[in-house]
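Below you'll find the structure, written out as structure tokens, and then a few comments.
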Amino acid sequence: MTDISMTSAQSQSQTGKIVLRWLLYIALGLFALFYLMPLFVMITTSLKSLDEIRTGDLIALPREVTFDAWRTAWSGACTGIQCEGVRPYFWNSILIAIPAVAISTLLGAMNGYVVAHWRFRGANIIFSLMLFGCFIPFQVVLLPMARTLGIMGIAGTIPGLIFVHVIYGLGFTTLFFRNYYVTIPSELTKAAKVDGAGFFRIFWSIFLPLSLPIIVVTVIWQFTQIWNDFLFGVSFSQAGTQPVTVALNNIVNSTTGVKEYNVDMAAAIIAALPTLFVYVVAGKYFIRGLTAGSVKG
Amino acid sequence: MSPILEIKNLYKSYGTTEILKDINVSIEPGDFLVLVGPSGCGKSTLLNCIAGLEPITGGSVNIDGKDMTHVSPKDRDIAMVFQSYALYPTMSVAKNITFGMKVRGVDQATQDKKLAQVAAQLQIEPLLNRRPGQLSGGQRQRVAMGRALVRDPKLFLFDEPLSNLDAKLRVEMRSEIKSLHHNLGASMVYVTHDQIEAMTLATKIVVMKGGVIQQIGSPAEIYNRPANLFVADFMGSPAMNLIPAKAHSADGGTRIEITRKSGEPIVLTDTKNRDLPEDVILGVRPEDIADPDLRGAEAAQAAECLIDMVEPAGADTFAVMQLGGKHVTARLHAETTAKPGQPKRLSFDLGKVSYFAPETGLRLN
């Protein structure tokens, strides 16, 4: 008797668990659908013709798939008087983002290494000041930075934008690397010093090879920041050096006559693709780096 | 022979905190110097000062007759083994060992030859292509030793190299370090907080406390004639019994009286030491309080004691009692008849006894 009642109670709770589990999955699925909706609308709209957009339903699948909008967005859409699409601006963004990410990551690694392992008088103050730099709203520095760029003679140029992004990325990259490097025992530096290695040798041969996980984190962070930046891009560029975010804004806001939703959507997706790419590619290495670190012991 | 390491009037402070005060030590070539003391006594800092990893505030450090006070670590001709081993995690064992030579620009053939030599010596040939992460604690320890050995330095420095190993491995590595020292005839400075490690390894021990040297001497000197109460208490396990007592001059020596909670005081006669002040602290090693039948020494005198506790430890049995208001441990025979709560006749051997002044803690005899 007792046995039977036990099992029925057990199977009841078992059923309850399964029902709960399914409710949970359904709720999560709905959230995911809700979250993916805008992307869905963007992609379908970008594949429709203008006529279909005007007459059709917003969330309907395209009756006829056409890549015309993508072609226009890439190389024909007009920003004001020029009609060359986002292509030149896309390359501008790449020319800005890649050196800026590389330089700020490398300098951040070096700074973090110094702050964590080559303690000097005032190291804490300098680190605090750099941290403070992370929290300065960018609007505040626009005017002084414009003046600085002017004095340096790189206002409105791509090197100028690289410079700005490196400066404002340094706070974060230094913080990332410093926090990673303080977990490396100082005995490692001491052993290398006794072995005869100097400042740069220890950095290159011992610290950098250990840094893959944090390099990936920093690259993802910096690339997203720099690629998606609009404020610096719009403030410190001139015709011909604008990044893709600024171009996107111009395409969407400066059309006259009929609003080409399909082109706008395609241009927006193009502008967002590189960050997506970095997440997908580097994210894998990120997780791999993390597990490698945990097994290291 | 000139000393291989000579430290003169060394001071070290961080800001206003003095870490090391007036350190003077020197060792001859082939010596095994052990710096021992409780945590925070400055022994590791002193080692780092010898290595040049910490700048010193005052004084001088000479290695092999050359003033190295302001020389960088790499030019001091030293090698160091760290507590955490500090192996380079991304390099193979072979690369770890040859890193120093690579940095110094030693040619490849010499590197290979020395690597093979050291690997054979430490029996780590099968590990050469592995990463430190794939090694056990004992193997990492060996690699760290290999990295030091390959330099063939004037002076080896060890910073608590065995404290991360389990008890069994620690004893194994300890005797290995000892035989290594014996075979190489190298000069070594070794930091530990483990007084047994200090006793077994050292040819010379420096006992430190609060940044001040308490005593320098051979293991036997430190053990048998501790300079003060701190050294007496710190070195030896179980610790030396430090019993408050009264001393009176008497015929044929000094009468030592130890009060007891209950019953008559114990009265012992010391025939060797005279002219002691009245209040003393009597230092007796546990092995000098033993079963009477096992002692033939003339200095031994028997007294009845109430045993509080009996702790069998295999080879010996420790009996704990109350004398002069202190717990006193006696090292008895394994098959002793001592039982807790029962009186037992014990013999006190005053042949190697120490006396300390209660106020200053300094040795009197």
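The values are calculated or read from the model by the stated rules, or taken from the named source; none is laboratory data. Being a predicted model, the structure only gives us computed values, none of them experimental. Here the Cβ positions follow ideal geometry from the backbone for every residue, glycine too, while neighbour counts run over all protein chains shown.
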Restricting to segment B:62-105, name every residue that is within 12 Å of chain A (Cβ to nearest Cβ), among the aliphatic types (A, V, I, L, M) and either under 20 Å from B:Ile124 (Cβ atoms) or buried (at least 19 other Cβ atoms within 10 Å of the Cβ) (or both). B:Ile78, B:Ala79, B:Met80, B:Val81, B:Ala86, B:Leu87, B:Met91, B:Ile97, B:Met101
Matching residues in segment B:1-21 - criterion: being under 15 Å from B:Pro55 (Cβ atoms) and surrounded by 17 or more Cβ atoms within 10 Å (Cβ to Cβ): B:Ile7, B:Leu10, B:Lys12, B:Ile19, B:Leu20
Tell me, yes or no, whether segment A:191-207 has at least one residue that is among the charged types (D, E, K, R) and crowded, with 21+ Cβ neighbours inside 10 Å. yes
Residues that are at pLDDT below 90, of a type in the set (A, V, I, L, M) and surrounded by 15 or more Cβ atoms within 10 Å (Cβ to Cβ): does segment B:131-153 have at least one? no
Of the residues that make up segment B:109-120, is at least one buried (at least 16 other Cβ atoms within 10 Å of the Cβ), assigned by TED's automatic domain parsing to the domain that holds B:Leu184 and either without any contact (Cβ under 8 Å) to a residue 12 or more places away in the chain or part of a loop (DSSP other than H, G, I, E, B) (or both)? no
Considering only residues that are farther than 12 Å from B:Val81 by Cα and either outside any helix (DSSP H, G or I) or outside the structural domain of B:Val93 (by TED's automatic domain parsing) (or both), which ones fall in segment B:164-197? B:Asn164, B:Leu165, B:Asp166, B:Gly185, B:Ala186, B:Ser187, B:Thr192, B:His193, B:Asp194
Here are some conditions: (1) modelled with pLDDT of 90 or more; (2) assigned to a strand (DSSP E or B). B:Glu287 meets all but one. Which one does it not meet? (2)
Exclusive hit being under 30 Å from the mean Cα position of the chain (by Cα) and part of a loop (DSSP other than H, G, I, E, B), set B:Ser39, B:Ser60, B:Ser44: B:Ser39
Considering segment B:215-249 alone, what residues qualify as being in a strand (DSSP E or B) and either crowded, with 22+ Cβ neighbours inside 10 Å or aliphatic (A, V, I, L, M) (or both)? B:Ile216, B:Asn241, B:Leu242, B:Ile243, B:Ala245, B:Ala247
Can you pull out the residues in segment A:167-188 that are within 14 Å of chain B (Cβ to nearest Cβ) and not β-branched (Val, Ile, Thr)? A:Tyr180, A:Tyr181, A:Pro185, A:Ser186, A:Glu187, A:Leu188
Qualifying position, being assigned by TED's automatic domain parsing to the domain that holds A:Ala266 and in contact (Cβ under 8 Å) with a residue 24 or more places away in the chain, among A:Ile98, A:Ile103, A:Ile125: A:Ile103
Looking for something among the β-branched types (Val, Ile, Thr), touching a Pro at 6+ places or on another chain (Cβ under 9 Å) and within 13 Å of chain B (Cβ to nearest Cβ) - is there at least one such residue anywhere in segment A:206-215? yes
Note on segment B:91-102: residues of a type outside the set (Gly, Ala, Ser) and touching a residue at least 12 places away in the same chain (Cβ under 8 Å) are B:Met91, B:Val93, B:Asn96, B:Ile97, B:Thr98, B:Phe99, B:Met101
Pair list, Cβ < 6 Å and 6+ apart or interchain, from segment B:267-282 residues that are in contact (Cβ under 8 Å) with a residue 60 or more places away in the chain and among the acidic types (Asp, Glu) to residues that are surrounded by 20 or more Cβ atoms within 10 Å (Cβ to Cβ) and in a strand (DSSP E or B): B:Asp270/B:Thr254; B:Asp270/B:Ile256
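Before we move on, is A:Leu95 part of a helix (DSSP H, G or I), within 31 Å of the chain's Cα centre (by Cα) and loosely packed, with under 12 Cβ neighbours inside 10 Å?
It is false that A:Leu95 is part of a helix (DSSP H, G or I), within 31 Å of the chain's Cα centre (by Cα) and loosely packed, with under 12 Cβ neighbours inside 10 Å.
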